[in-house]
Amino acid sequence: MAPPAKRPAPRPHGKPQPKQPTVQQQQWQQIQDDLLKDPPGPADKGWVPQMNILRTRNSARSERGLGNSVYDSHLKFNGADNLELTLVLRIFFMRIDPSPRGGYRDVGLDGNGVMYKLEEISDQELADFRKEACRQANEVWNGGLCLVTPNDFVGFDWPSHANGKASVGMPHFGGPTPNLAVNFDMSRLDDGRAVRPNVNCSLRVEATENFAASHTTVFLMAPSHPKDFVSYCSQSARGNTWDIHDTGVHRKTVKQDPAFLSTFFGEKIGQRMVPHEVGHLLGLEHIGLHLKVGQCVYQSDQCSREEASGGQYGNRANLPMWFGRDIMGLGSVVHACNAAPWMAAMSQHVRECSSPWIPAGVRIPPRRVKDIPSIPYTLQNSPYQGGFQEVGKY
Ligand SMILES: [Zn+2]
């Protein structure tokens with residue numbers, strides 16, 4: 001038999017009286033209220049950026065990466081060395097073929113809307129493609145992109161200091177205290193050797209067999225005439241569709257300004273499909289659109305399909321040659337202006353910074369804080385520029 005339930009102790013008189021908070025509790029409440037009103041900024045001790053941004057297919061539009069794209073983003077501190085910013089893109093590759101696993105599909109459309117007969121894709125072919133696609137994308141996109149930390153952003157400085165302003169007093173705990181000697185923080189003093197690390201950018205493309213853990217789906221087809229099939233990425237219902245055979249180099253002759261190099265009619269430029277399409281998955285447009293080439297970049301009554309494509313891919317005699325050589329043109333070179341997905345990620349990791357993260361095509365070592373100009377750089381006036389100086393020029 002269960003023991004009789006303990007009878008609750010009778011209340012003394014009606015409702016219990018709320019306990020009066022102690023002076024310490026009141027002070028702590030005040031500190032919390034102040035922090036909520038005015039949270040620590042990059043110049044304050046204790047401030048940290050958002051280190052990991054994890055996204056799913058269900059992420060809200062406002063939480064997505066460049067151009068509504070989806071990928072994870074991780075920031076890592078390295079003390080006095082540059083930080084590491086890694087974008088992680090997990091792709092779910094889905095075969096489309098006549099077999100039951102491929103949905104019994106025996107025809108498919110390419111990027112130009114041309115219909116192709118589809119062949120069966122074996123498990124081995126699928127596994128080989130996954131591996132090779134990730135290898136190619138990671139090879140091309142990890143060439144040394146870097147973001148230069150803004151001139152007016154002190155949050156990454158090493159050793160941490162705060163240009164004198166916030167090193168005195170504790171502004172978030174009721175403003176600078178009258179007794180400076182007590183609150184002066186020696187670890188935050190700049191003795192002339194302090195550095196401002198920049199941000200090294202890298203990409204990790206992974207294939208996953210777990211649909212729920214993936215950021216995007218790529219449909220794989222094996223068209224019976226693989227050399228003509230145009231692989232494509234599209235945010236519309238058509239989705240991303242790639243040709244599983246398309247792992248080789250496409251070579252095109254790019255038109256060149258005859259005044260610049262009169263002995264040649266053009267330059268042979270090579271590109272692999274996967275690294276270019278991965279650029280689209282990261283939210284990048286073709287180089288001509290990204291740098292706002294003004295004339296005839298879309299097919300219309302005035303612009304033939306060929307002219308529009310030339311404008312988008314940098315294949316026009318009036319455009320600088322590097323447009324054509326760019327990974328989002330017809331080439332394989334990753335230029336600083338291709339760092340837009342990482343720039344967008346940094347502004348999400350560090351929402352407290354309004355100056356732009358200036359992209360550079362090579363790793364720029366940390367700068368001495370005392371040598372940094374006081375005026376913030378803009379994309380157009382920085383010494384790094386990285387292609388953005390050409391925006392809207394053509
Ligand atoms: Zn493209």
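The values are calculated or read from the model by the stated rules, or taken from the named source; none is laboratory data. The structure displayed is predicted, hence computed values, not measured ones. In this analysis, Cβ positions are derived from the backbone assuming ideal geometry, glycine residues included, and neighbour counts consider all displayed protein chains.
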Scanning the range 283-323 for residues that are among the aliphatic types (A, V, I, L, M) and within 16 Å of the ligand (Cβ to nearest atom), the one nearest to V88 (Cα to Cα) turns out to be L284
Test K292 against the criterion of being basic (K, R) and assigned to a helix (DSSP H, G or I), and give yes or no.
-> no
Of those in the range 201-234 that are hydroxyl-bearing (S, T, Y) and surrounded by 17 or more Cβ atoms within 10 Å (Cβ to Cβ), the residue nearest to the ligand (Cβ to nearest atom) is Y232
Result of the Cβ filter at 7 Å on the range 347-370, keeping first residues that are closer than 19 Å to A80 by Cβ and partners that are in a strand (DSSP E or B) and among the basic types (K, R), at least 6 apart or interchain, is P366/R196; R367/R196; V369/R196
When (1) free of Cβ contacts under 8 Å to residues at least 24 places away in the same chain; (2) farther than 30 Å from E63 by Cα are applied to N381, the one that fails is (2)
Log entry, pairs with first residue in the range 307-323 being without any contact (Cβ under 8 Å) to a residue 12 or more places away in the chain, second being of a type outside the set (S, T, Y) and more than 16 Å from the ligand (Cβ to nearest atom), beta carbons closer than 7 Å, six or more apart or on different chains, reads E307/C296
Does M328 fit the bill of being under 19 Å from the mean Cα position of the chain (by Cα), of a type in the set (A, V, I, L, M) and under 25 Å from G248 (Cα atoms)?
yes
Only one of (1) assigned to a loop (DSSP other than H, G, I, E, B); (2) modelled with pLDDT of 95 or more does not apply to C134, and that is (1)
All conditions in (1) away from the ligand (no atom under 16 Å from the Cβ); (2) modelled with pLDDT of 90 or more are true of G266 except (2)
Result of the Cβ filter at 7 Å on the range 91-117, keeping first residues that are free of Cβ contacts under 8 Å to residues at least 12 places away in the same chain and partners that are surrounded by 14 or more Cβ atoms within 10 Å (Cβ to Cβ) and hydroxyl-bearing (S, T, Y), at least 6 apart or interchain, is V107/Y116
Among the residues of the range 335-388, the number that are modelled with pLDDT under 90, exposed (fewer than 14 other Cβ atoms within 10 Å of the Cβ) and not in a loop (DSSP other than H, G, I, E, B) is 0
Next item on the list: With respect to V278, determine if the residue is touching a residue at least 24 places away in the same chain (Cβ under 8 Å), within 16 Å of the ligand (Cβ to nearest atom) and either over 27 Å from the mean Cα position of the chain (by Cα) or over 25 Å from A133 (Cα atoms) (or both).
Entry: no
Exercise. Can you find a residue in the range 27-40 that is free of Cβ contacts under 8 Å to residues at least 60 places away in the same chain, surrounded by 15 or more Cβ atoms within 10 Å (Cβ to Cβ) and under 30 Å from N198 (Cβ atoms)?
Worked result: no
If we ask which residues in the range 313-327 are touching a Gly at 6+ places or on another chain (Cβ under 7 Å) and either at pLDDT below 90 or surrounded by 24 or more Cβ atoms within 10 Å (Cβ to Cβ) (or both), their number turns out to be 7
When restricted to S73, S99, the only residue buried (at least 21 other Cβ atoms within 10 Å of the Cβ) and not aromatic (F, W, Y) is S73
Is it the case, given these coordinates, that D128 is farther than 30 Å from H349 by Cβ and at pLDDT 95 or above? yes
